[in-house]
Amino acid sequence: MITRRNAKNIWTAGRSIFAALSITLVLLAAATVASAQHGYRITKRLTFKKGEVSTTVKGTIPNTLEAHEYIFRGRAGQTVKIDLSSVREDVTFYITDDEGNYMDEGSELRNWDGELPADGEYHLYVSSTSDKAIRYSLFIQVATDI
């Protein structure tokens, strides 16, 4: 038989568990935000000047913990040409569609060109296997005919 005293103890225990879970969730959310602020993945949207079909961006990856993500929109049938240049060989990229499917079999590319299969956003990830900072230049061209 549940008495008032037992019901109160159950209620108190339930509140304590709820409070502990709430605090844990808040701490996990704070840790996630903090890690994002440390730049483990820097995300940038690529834009093209009016009337132009290409752009060049430059960046520096400080170490293996950071990757740069570039997002651009494309249409089915457009041809994309990407060239990554750096004095170091240990910086590469890969490209995926919006669902995470690789646009190429390789995941450590320096150059790529191909035709976009569908309308949508595409993600280009530049990363390094070096513990030292690496500068790079990324040329991307998106056109109907290259």
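Annotations for the structure displayed:
- What the Cβ-Cβ distance of Thr60 and Asp97 gives, at R0 = 25 Å and to the nearest 0.05, is a FRET efficiency of 0.40.
- Extending 7 Å from the Cα toward the beta-carbon at both Thr129 and Lys49 defines two label points whose distance is 3.7 nm.
- Label point distance in nm, Thr144-Lys81, each placed 7 Å from Cα along Cα→Cβ: 1.8 nm
- Here the spin labels are modelled as points 7 Å beyond Cα on the Cα-Cβ line, and at Glu89 and Glu105 they lie 2.1 nm apart.
Taken together, the values in this text are just the output of simple stated rules run on the coordinates, not laboratory data. These numbers come from a predicted model, not from an experiment. Don't worry about glycine lacking a Cβ; one is built from the backbone with ideal geometry, like all the others, and counts go over all protein chains shown.
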